[in-house]
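In what follows, a single structure is set out as structure tokens and then discussed.
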Amino acid sequence: MNSFSRIITLLRKEKGITQKQAARDLGVSQALLSHYEKGLRECGLDFLVKLCDYYGVSSDYVLGRSPERNGSILNVESLEGAETAKDTKLSGSVLPAMNKRLISSSLNILFDMLSKRGSKELTTKVSENLQMSVYRVFRKLYKSDRSNDSNMFTVADSVFDGYTEARILKNSADIDMILSSKAVSKQVGDAFSMTTESLQNEYPKHATALLNTIKTSEEIIK
């Protein structure tokens, strides 16, 4: 499934309509719309324009060029707290400042969602995973300079990498188990139900960063 087919399927489901209804509204057969949503056919420009008008989004969003529904492109000035990036920009690169703000803003959403859902166990496991990731990367940077004092750490060099990876994997499994448990499901209900639109409405200052983090991460994975 390509970006276009994935996004138009997502838009239809977010709108809460059937494929048959969407096809009727868009003036195409259900079979043709099904082919578009499965990535079996490419649509023409006229249909693309009609589709964008129907869902109220930009063509750049539908084509996967921007994670923003209005098609805007992220720049460091648009991020919350961008004033801290001035020195980095002057040195010739905005990438460190951009990534810092993307991660920071994304974490604001993540922890706000966790606090609203009220599961201490879930929040603890998520926090531990994030802490382990930061610790692991920092220790690698620290140890790259052999003049740094090795006594800063109590876990032996020979096992720290494997131990932290194992802990991250265990926490990930615990998170899956917590989220699938009936007790937590009853506790949070539909608390994690969301769409790209609801994220942007609830977190207008931070949703851009989260959506771009998702897009960038998936591009790296691919």
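The values are calculated or read from the model by the stated rules, or taken from the named source; none is laboratory data. On a predicted model such as this, the values are computed, not experimentally measured, just so you know. As a convention, Cβ positions derive from the backbone with ideal geometry for all residues, glycine included, and neighbour counts pool all protein chains shown. Heavy atoms of the whole protein, side chains included, go into the accessibility calculation; ligands, DNA and RNA do not. Shrake-Rupley method; radii C 1.70, N 1.55, O 1.52, S 1.80 Å.
At-a-glance table
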item	result
Odd one out for L130, checked against (1) touching a residue at least 24 places away in the same chain (Cβ under 8 Å); (2) within 21 Å of the chain's Cα centre (by Cα)	(1)
Scope segment 94-111; condition open to solvent by 50 Å² or more (accessible area, probe 1.4 Å) and under 20 Å from M194 (Cβ atoms); matching residues	I103, L107, N108, L110, F111
Whichever residue in segment 1-34 is within 22 Å of D60 (Cα to Cα) and open to solvent by 70 Å² or more (accessible area, probe 1.4 Å) and, among such residues, is modelled with the lowest pLDDT	M1
Filter result for E165 (of a type outside the set (A, V, I, L, M, F, W, C), open to solvent by 50 Å² or more (accessible area, probe 1.4 Å), closer than 27 Å to N99 by Cα and under 17 Å from the mean Cα position of the chain (by Cα))	no
The lone exception for G189 - which of (1) at pLDDT 90 or above; (2) of a type outside the set (A, V, I, L, M, F, W, C); (3) on the phi > 0 side of the Ramachandran plot it fails	(1)
When residues of segment 35-54 are limited to those that are acidic (D, E) and closer than 24 Å to E218 by Cα, the one least open to solvent (accessible area, probe 1.4 Å)	E37
Verdict on R146 being open to solvent by less than 50 Å² (accessible area, probe 1.4 Å) and more than 21 Å from the chain's Cα centre (by Cα)	no
Test: residue in segment 116-128 that is under 22 Å from I168 (Cβ atoms), at pLDDT 90 or above and open to solvent by 80 Å² or more (accessible area, probe 1.4 Å)	yes
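Quick grid of which residues meet (1) among the aliphatic types (A, V, I, L, M); (2) modelled with pLDDT under 85; (3) open to solvent by less than 20 Å² (accessible area, probe 1.4 Å):
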| site | (1), (2), (3) |
| --- | --- |
| G56 | no, no, no |
| L63 | yes, no, no |
| E68 | no, yes, yes |
| L74 | yes, yes, no |
| E77 | no, yes, no |
| K89 | no, yes, no |
